[in-house]
Structure formats: C-alpha cells, structure tokens
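Note sheet for the following structure.
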Amino acid sequence: MTFLLFISFVSLTIFWLISLAVIIFKKKPIEINTENLELGISIVIAAKNEYVNLKNHLDYWLDLDYTNYQVIIVINNTNDESYKFLQNIKNHKLKVINLESTPIEWSPKKFALTKGILNADYEYIVLTDADCKPLSNQWLKYYNTSFQNGNQIVLGLSPYASKKMWFNCLIEWETFFTAYLYSFTALLQSPYMCVGRNWGFKKVIFFQEKGYEKHKNVLSGDDDLFIQNLEKKYKFDVLFSPASQTISNPKTQFIDYLKQKKRHYSASKYYKLTTKFLLFTLNFMQFISLFWIFNTINILENKILLLSLCLMNFVKFTSMQIFTHKTGFRIPMIFNFFGEYIFLMFQIIVLPFSFSKSKQWK
C-alpha cells in the first residue's frame, strides 16, 4: 500500500502540475475589440416544456450587445405554453421552430438541435439551454473574438447558481472539476467533452462530421459525444472570462440531481477507449490516494510519503486557485482539499446506476 500511495501522490502531482502549466501559459485573456467586424452567429436552443425558463430568460438572449445574430428556439413536442408564448414575441432576431414529434430512432434533443442548426441563417453556431442565461450582455462578443482569432470550436464555461442546500457543495465541486478537465484537455487541442449549456462552432463542421448521426439514438451526449466523434483536427479555444459564461439554477431536489447525473453519465459508455482509460486512471489514482486518510500515522512516519502528499496538495491547491481566479468559479473551502475524495465516493455510489437506459429527455 505504501508503494501504491507514493505512485498515486506522484501521478496526481504531475497531473496538477501539467494542467497548471497549460492553463497559465496556453490560455491568454481575450481582449474584446469593439472595432472587430461582427460575424453572423446563430444561437440555438432546444426546449421542451420550458415555458417558465423561456419567460424568465428570453430577454437576456434577445438583448445582447451584439447586432449580427439570431436566436433560434426549437420547441420539441411540448405540452405547456412555450410555443404560444413565443408566438406572441415580436422580434426580428427570434426564430421559432415547433416540432410536434420526433422520429423513433432519434434522441429528441439531438433532433431538435439538428433542426435548429439546419435552419440557422449564419455561419457560426452557439448552443445553450433554455434554463440558462448569459452572465453579461457582452457574451457573444467573446465568441466573435475567438472565432475571428481562427478558432473553429469554442468551449465556454457554465457554472450553477449557488443555493442554500446540503448538496450544493457537491454540485459546485463537480461543475468546477468538469470545467477544469475539459478546459485543460481543450487547450491541449484534445478535448474529450464540453457542456451543452455554452459552446459554439462553425456550422460547416456540423455537416462535415455528419452531425449527431453516429449517436443520434443516445438520449444524452449532444455535447460530449459530438466532441468524442470528431474525425478531423480542429482548432479549439476555451472562454474563461466570467462575462463569457452562462449560468443556470441547479436541481433543488437530490433525487432530481441523481437523475440528471444518471443521464449525463449514461453517455460515458460511448466514449473512446483511450478517453475511458485516461479517466479511469485518474479516478483510480484518486481512489488509491484516498487511503492516506486511513494511514495518517504511517505517512507521518514516512518522510517521502509525507513530502509527496504535501507537494500534491500544494500543487492542487495552487492550480485550483488560479483557475477559479481566472474564471470566477466558487469552491467551498473544504473541497479545496477533500473535494475529489467526496465526489469520488459519490461517483462510486451513482455510477453503477447510470448504465440503465434513460428513456426521456424531459
């Protein structure tokens, strides 16, 4: 066990060191040039039974400080007042598509997004969700600047609003660590996922890659499985500025949060073998390192183990602080040190239940 602990400490230290270096040296702040030509951008939102969210958030999307854009909302087989509400909105930037059914071989959300992208007027697509809103009316300008810098696929960050509930710390840690991982890998030009609440690409890429065709029947994965199945090399960028982020409310009932995680995790079994291996290795090293908590006395007596543990935690803490400073993400203090252990135990409990097939989008 002593040897395995040492290997896990060293491996995790190397991981945090490399990711820290990448985030510091590869990601420079985007400076918005107001004189830049505005590229045409289509925002596409798939919505099912989202009347309340659309009513609360639509103004944010239509009032962005950007001229050359449109908002496409695809209503998919809804039974609330969404479509009626949108029909009463008179705004030239808004395009509404109403789908009354989904082909049986298609995931409803992927079908809706495909219809929205097919009907987009502009060359660039940015995807988000109905339950999100931009943190700033400058949001699209960051995408515009990144696309003009030659990036073809741009990944944004999307934290959840902080709520006073017992599992909020878990949500904040998971959101942070997920963003940290896909930002790090995207800056290495090898992303394994993104979040569908905030990302964009050149429309031609969607057609070159045949859209969601390879996994159209999988309920989730409109973001990560699309990234996983890219056959060509593209130039990626990650938007770190808080003004480039979207925000949404987290689930307030733990059972709903578990269902959401089940849906998200269900796409992981379709990941590439190399991605599965790397994620498994990272989780395995975290799992082994967890045992230092139960071997405190032995570690205090072993100077090499103690030094490697201290170094790992110092590098991890520094990496997290730099990332949160750049992005504005919040992490509860106790999670700075024990976050991955707490979340790892949660994954061990939840993952076995995530492989049963989810049958509904909403």
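The values are calculated or read from the model by the stated rules, or taken from the named source; none is laboratory data. Everything quoted here is computed from the prediction, not taken from an experiment. We place every Cβ from the backbone using ideal geometry, glycine too, and count neighbours over all the protein chains shown.
Things worth noting here:
- Answer residue from the stretch 1-14, given it is of a type in the set (A, V, I, L, M, F, W, C) and touching a helix residue (DSSP H, G or I) at 6+ places or on another chain (Cβ under 7 Å) and is nearest to Thr324 (Cα to Cα) among those: Leu12
- The residues in the stretch 81-124 that are of a type in the set (A, V, I, L, M, F, W, C), over 23 Å from Asp59 (Cα atoms) and more than 26 Å from the chain's Cα centre (by Cα) can be counted, and the count is 1.
- Lys95 surrounded by fewer than 21 Cβ atoms within 10 Å (Cβ to Cβ) and either among the basic types (Lys, Arg) or closer than 21 Å to Gly40 by Cβ (or both): yes
- Residues located in the stretch 38-74, provided they are within 22 Å of the chain's Cα centre (by Cα), assigned to a strand (DSSP E or B) and not hydrophobic (A, V, I, L, M, F, W, C): Ser42
- So Asn137, is it under 21 Å from Glu31 (Cα atoms) and surrounded by fewer than 21 Cβ atoms within 10 Å (Cβ to Cβ): yes
- Conditions (1) within 20 Å of the chain's Cα centre (by Cα); (2) hydroxyl-bearing (Ser, Thr, Tyr); (3) assigned by TED's automatic domain parsing to the domain that holds Pro191; number of the one not met by Ser19: (3)
- Number of positions in the stretch 229-274 that are at pLDDT 85 or above, under 14 Å from the mean Cα position of the chain (by Cα), of a type outside the set (Asp, Glu) and not in a loop (DSSP other than H, G, I, E, B): 5
- Only residues that are over 13 Å from Leu118 (Cα atoms) and either at pLDDT 90 or above or surrounded by fewer than 18 Cβ atoms within 10 Å (Cβ to Cβ) (or both) were counted across the stretch 209-228, and they come to 11.
- Residues located in the stretch 153-192, provided they are more than 12 Å from the chain's Cα centre (by Cα), among the polar types (S, T, N, Q) and outside any loop (DSSP other than H, G, I, E, B): Asn168, Thr185
- Tyr257 closer than 17 Å to Val154 by Cα and assigned by TED's automatic domain parsing to the domain that holds Glu50: no
- Within the stretch 55-80, residues that are closer than 19 Å to Ala243 by Cα sit with their Cβ atoms under 6 Å from residues that are of a type in the set (S, T, N, Q), at 6+ positions apart or across chains, in these pairs: Leu62/Asn91; Leu64/Asn137; Asp65/Asn137; Asp65/Gln138.
- Members of the stretch 246-262 that are within 22 Å of Phe329 (Cα to Cα) and either hydroxyl-bearing (Ser, Thr, Tyr) or in contact with a Ser or Thr (Cβ under 6 Å, 6 or more places away or on another chain) (or both): Thr246, Ser248, Thr252, Tyr257
- Scanning the stretch 98-134 for residues that are charged (D, E, K, R), under 12 Å from Val71 (Cα atoms) and crowded, with 16+ Cβ neighbours inside 10 Å turns up just one, Asp129.
- Qualifying position, being among the basic types (Lys, Arg), part of a helix (DSSP H, G or I) and in contact (Cβ under 8 Å) with a residue 24 or more places away in the chain, among Lys84, Lys110: Lys110
- Residue selected from the stretch 181-195 under the condition surrounded by 21 or more Cβ atoms within 10 Å (Cβ to Cβ) and of a type outside the set (S, T, N, Q), by the criterion nearest to Lys133 (Cα to Cα): Val195
- Top-ranked residue in the stretch 332-362 [being at pLDDT below 75 and in contact with a Cys (Cβ under 9 Å, 6 or more places away or on another chain); ranked as surrounded by the fewest Cβ atoms within 10 Å (Cβ to Cβ)]: Ile334
- Residue in the stretch 47-54 that is touching a residue at least 40 places away in the same chain (Cβ under 8 Å) and of a type in the set (Ser, Thr, Tyr) present: no
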